[in-house]
Amino acid sequence: GGRVADAEVASVCPYCGVGCQISYKLRDGKIAWVEGRDGPANENRLCVKGRFGFDYVSSPERLSVPLIRKEGAPRGLNVDPANPWTHFRPASWEEALDAAADGLAALRDAHGGRAVAGFGSAKCSNEEAYLFQKLIRTGFGHNNVDHCTRLCHASSVAALMEGIGSGAVTATFNECLKSDVIVVIGANPTENHPVAATYFKQSVKNGAKLIVMDPRGMGLKRFATHMLQFRPGTDVAMLNAIMHAIVEEGLYDTQYLQAHTDGFEALKAHLADYAPEKMAEVCGIDAATLREVARLYGTAERAMIFWGMGVSQHTHGTDNARCLISLALMCGQSGRPGTGLHPLRGQNNVQGASDAGLIPMVLPDYAKVSLAEAREKFGALWGAEIDPQPGLTVVEIIDAIARGDIRGMYVMGENPAMSDPDAAHAREALAGLTHLVVQDIFLTETAMMADVVLPATAWPEKDGTVTNTNRQVQMGRKAVAAPGGAKPDWWITVEIARRLGLDWDYTHPREVFAEMARGMASLDNITWERLERDGAVTYPSLSPEDPGQAVVFSDRFPTVDGRARLVPATGVSPAESPDAEYPMVLTTGRQLEHWHTGAMTRRAGVLDALEPAPTASLHPFALRRMGIAAGDMVRVTTRRGAITLQARADEALQHDMVFIPFAYVEAAANILTNPQLDPDGKIPEFKYAAARVEKA
Ligand code: SF4
């Protein structure tokens with residue numbers, strides 16, 4: 001109260017996939033504070049990141065002029081973002097764009113288009129994601145373009161596409177207010193999707209039962225009727241055991257199964273091997289509890305399942321998600337209010353960037369590049385020939401760079417030097433590129449290695465649409481001016497495209513959105529003008545007046561025959577096992593205050609003050625056993641590398657687990673992680689590595 005703003009601009013929070021609508025309150029042309037708006041996902045609520053995490057925008061470390069690497073300056077992480085002049089010189093936009101595009105074009109002309117690949121980002125708008133994939137596909141003639149969804153829900157999407165023909169959520173998270181049973185597995189929403197968590201809590205208050213399943217205990221545990229703290233990496237054993245009990249007790253929905261699914265008989269036969277009594281030892285949850293949970297879910301009137309990276313970031317991530325799909329469908333828990341499958345999207349636009357086609361194997365709206373009709377449709381829209389070969393994924397691209405097959409990279413808003421598994425390998429690969437172009441708002445660890453760095457605008461400095469975890473397309477608006485010469489990502493991509501010989505003439509994101517809407521059925525009835533007016537539309541929207549469908553697939557699934565497929569999951573064990581040398585299990589993730597690789601939140605005063613330094617969390621028992629006190633420095637080692645950081649006591653962990661957030665460059669968790677991939681989703685195993693912890 002009492003504060004008066006000069007102006008107010010309605011937009012969307014730049015952080016998580018919840019997609020809270022916000023108001024920037026402006027004073028003297030600057031963001032003075034932020035308030036929640038009555039958006040469809042948040043109804044005025046905000047978390048600490050959305051409310052206080054905006055001052056990264058005015059950080060003195062923002063890039064404001066294009067940079068060109070000085071002749072002979074070595075590539076590495078030894079650049080001070082506050083003083084890049086040791087390695088870079090300032091350049092005009094003209095010179096920097098020419099240098100960026102000429103370097104990429106030279107590689108294309110000398111070695112073929114495949115010598116260049118692209119990483120886009122879920123931090124950018126839908127229009128920017130769309131333009132970026134279009135540039136790689138039409139400018140270089142292949143599909144080697146990917147983004148951080150690969151490190152996020154790629155395995156969930158693989159399982160959902162296979163099972164129900166669509167990778168998006170079947171119901172908005174707000175539907176949980178109508179559920180009588182809510183399952184949250186492999187997600188820590190009170191920290192990573194805080195506003196969604198408030199809806200889970202509200203539903204519990206109204207009488208819903210909450211079942212939480214995760215190797216780590218967590219904030220939501222207090223609201224749960226059951227907390228299944230299972231052994232890391234044993235999701236399939238646990239979920240198959242629960243389904244076994246449902247089958248045994250006849251709690252499945254025969255009518256639903258017959259009307260909407262195929263494969264139940266085979267699944268039933270497969271589940272015979274997974275009796276709770278047999279699986280209890282594997283997953284560490286006693287058979288009685290597994291059976292109780294099976295009864296609770298199996299007899300629910302309306303149940304929803306939510307999951308996060310704890311399910312997806314495994315070499316058996318796709319199998320984990322297959323189990324959740326089978327569980328929901330065998331009980332008929334989809335297609336009605338208060339029911340459904342909801343993979344909680346991490347980044348604010350990971351849904352939208354994926355929908356826009358920033359994925360190597362599919363075009364916009366998940367049209368497979370391998371299908372002639374999909375290639376013809378977008379080929380006609382773009383006036384280009386589309387390569388039928390699915391492209392390489394994030395980790396595969398890094399490996400191709402290491403092999404020398406890819407020599408140039410165009411990176412928009414991603415920070416693979418921090419976010420990729422086995423980061424030492426990723427950094428070495430990036431440092432060996434012939435030509436690296438990075439556009440970002442900060443001199444990220446990846447930008448430090450670039451030949452040309454292009455300063456981009458932050459989210460409050462541009463117009464664009466984003467799509468949240470709920471399938472809600474929302475309008476982000478420019479509220480403040482960009483520092484110095486920083487330009488919107490879409491503008492930079494257009495300028496590079498022109499220099500690569502593409503005849504692009506977009507002058508505003510609304511023109512890009514209009515082109516997207518022509519090619520993407522998901523955007524039917526959604527126009528830029530409508531979004532400007534209403535702020536948000538949920539897709540699918542059935543008419544220009546329909547605010548959109550919160551729950552989908554009540555009569556048929558978007559598969560060829562309208563039916564879902566239940567796919568048995570065998571759940572291979574994690575790619576590596578603890579042994580005498582590496583006896584602990586390392587798991588990585590985020591924490592409430594910091595966002596991903598920390599580029600933004602570590603430059604946001606309030607957030608960095610709350611969590612200023614990297615920590616390794618261990619159970620107090622484990623600390624005692626090793627003679628380590630909370631606050632001591634510890635060295636954590638895996639087969640890939642070692643980092644040193646401060647020990648923290650955390651009773652939420654199992655005795656042989658260590659948890660490290662990945663936001664800290666001074667102790668980058670991804671130095672330690674395993675790059676082994678899930679065969680279907682091609683997602684690396686961030687959630688499980690054999691590790692050793694010792695006093696530093
Ligand atoms: Fe932003 Fe997510 Fe927090 Fe909402 S819940 S304010 S979208 S970080």
Tell me yes or no: at least one residue of the stretch 657-674 is more than 30 Å from Pro360 (Cα to Cα), out of contact with any Pro (no Cβ under 8 Å at 6 or more places or on another chain), among the hydrophobic types (A, V, I, L, M, F, W, C) and in contact (Cβ under 8 Å) with a residue 60 or more places away in the chain. yes
Counting only residues in the stretch 31-73 that are under 22 Å from Gly535 (Cα atoms) and of a type in the set (D, E, K, R), the one modelled with the lowest pLDDT is identified as Lys49
Inside the stretch 1-36, can you point out the residues that are within 13 Å of the ligand (Cβ to nearest atom) and hydrophobic (A, V, I, L, M, F, W, C)? Val12, Cys13, Cys16, Val18, Cys20, Ile22, Val34
Filter the stretch 193-232 down to the residues that are closer than 19 Å to His314 by Cα and among the basic types (Lys, Arg), then identify the one that is modelled with the lowest pLDDT. Arg216
For the stretch 493-535, how many residues meet the condition of being under 21 Å from Gly476 (Cα atoms), open to solvent by less than 20 Å² (accessible area, probe 1.4 Å) and among the aliphatic types (A, V, I, L, M)? 7
Quick check on the stretch 468-492: of everything there that is open to solvent by 10 Å² or more (accessible area, probe 1.4 Å) and of a type in the set (Lys, Arg), which residue is farthest from Gln351 (Cα to Cα)? Lys487
Of Ala424, Ala400, Ala429, the only residue that is open to solvent by 40 Å² or more (accessible area, probe 1.4 Å) and among the small types (Gly, Ala, Ser) is Ala424
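Has the stretch 90-98 got at least one residue that is within 10 Å of the ligand (Cβ to nearest atom), touching a residue at least 12 places away in the same chain (Cβ under 8 Å) and not in a loop (DSSP other than H, G, I, E, B)?
At the first step, the residues of the stretch 90-98 found to be within 10 Å of the ligand (Cβ to nearest atom) are none.
No; the residues of the stretch 90-98 include none that is within 10 Å of the ligand (Cβ to nearest atom), touching a residue at least 12 places away in the same chain (Cβ under 8 Å) and not in a loop (DSSP other than H, G, I, E, B).
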For the stretch 354-370, does any single residue satisfy the condition of being of a type in the set (Phe, Trp, Tyr) and either in contact with a Cys (Cβ under 6 Å, 6 or more places away or on another chain) or open to solvent by less than 10 Å² (accessible area, probe 1.4 Å) (or both)? no
Among residues belonging to the stretch 604-637 that are in contact with a strand residue (DSSP E or B) (Cβ under 7 Å, 6 or more places away or on another chain) and within 30 Å of Val34 (Cα to Cα), point out the one that is most open to solvent (accessible area, probe 1.4 Å). Ala613
Confirm whether Gly72 is at positive phi and away from the ligand (no atom under 16 Å from the Cβ). yes
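The values are calculated or read from the model by the stated rules, or taken from the named source; none is laboratory data. Keep in mind that what you see is a predicted model, and the values were worked out from it rather than measured. Ideal geometry is used to build each Cβ from the backbone, glycine not excepted, and the neighbour counts take in all protein chains shown. Note: accessible area is taken over every heavy atom of the protein model, side chains too, but ligands, DNA and RNA are not part of it. Shrake-Rupley method; radii C 1.70, N 1.55, O 1.52, S 1.80 Å.
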